[in-house]
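Here's the structure, in structure tokens; my notes come after.
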Amino acid sequence: MITKSEVFSYEEFVKANAEKRVGELEYIHGIFKLANLPLDIVFALASLFSPKLDIEDGRLFLSERFDRDKYFQYLSEGKSKRESQLWLNLIEISGIFEDMDFDLAIQLGNLISDMWNAKIKCNGMENFGHARVIIEEEYGEVFVTID
């Protein structure tokens, strides 16, 4: 297995290939070749950036994360539909990418939120929820959710 120290950053890749015109696609190719990553990761990342969305009980949910029983449990505990929607859609960016710098996690959270909102708008689902970033500076945590 390849270690993290053996993988190069995009900046290092560009610098090492200064004589060539390389970009992000060449970098992705290099990382996949070096680390022998399975292609499943591409689809998993695509799902993170452009998730399947469903409308349930007049609220918008990430299909992969929706749990009907948990949703109705939240409602029975007195949580509003919007609050239940927030919790069921909540993804911790700083938890997925644990070593990511806090400011980069915020940038990534904003990018994901923007992409989700573009998909929501494109699919005419704006009346059912919107994506947003939640930043917990005290704990160094960054979340993305739909509510």
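Quick notes on this structure:
- Close lysine pairs were tallied over the chain: pairs 8 or more places apart or on different chains with Cα atoms under 24 Å apart number 12.
- Note, ³J(HN,Hα) from phi for the stretch 17-32, Karplus 6.51, -1.76, 1.60, rounded to Hz, x at Gly and Pro: 10, 4, 6, 10, 9, 10, x, 5, 5, 5, 4, 4, 4, x, 5, 5
- Cβ charges +1 (Lys, Arg) and -1 (Asp, Glu), total dipole of the chain, debye: 620
- You can think of it this way: the chain between Asp101 and Val22 has 25.9 nm of extra reach, that is 0.36 nm per residue less the Cα-Cα gap.
- Couplings for the stretch 96-101, taken from phi via the Karplus curve 6.51 cos²θ - 1.76 cosθ + 1.60 with θ = phi - 60°, read 5, 10, 4, 8, 6, 4 Hz in order; Gly and Pro are left as x.
- Computed from the Cβ-Cβ distance with R0 of 41 Å, the FRET efficiency linking Ser80 to Ile41 stands at 0.70.
- Segment Arg68-Phe49, length gained on full extension (0.36 nm per residue, minus Cα span): 4.5 nm
- Residues in the stretch 79-109 that a label on Asp57 would reach, taking backbone N under 14 Å of a point 7 Å out along Cα→Cβ: 79-89
- Two-decimal ratio, the chain, of alpha-carbon radius of gyration to 2.2 N^0.38 Å: 1.25
Taken together, the values in this text are just the output of simple stated rules run on the coordinates, not laboratory data. The model shown is predicted, which means the values in this text are computed figures rather than measured ones. Heads up, the Cβs are rebuilt from the backbone with ideal geometry, glycines too, and the neighbour counts pull from every protein chain shown.
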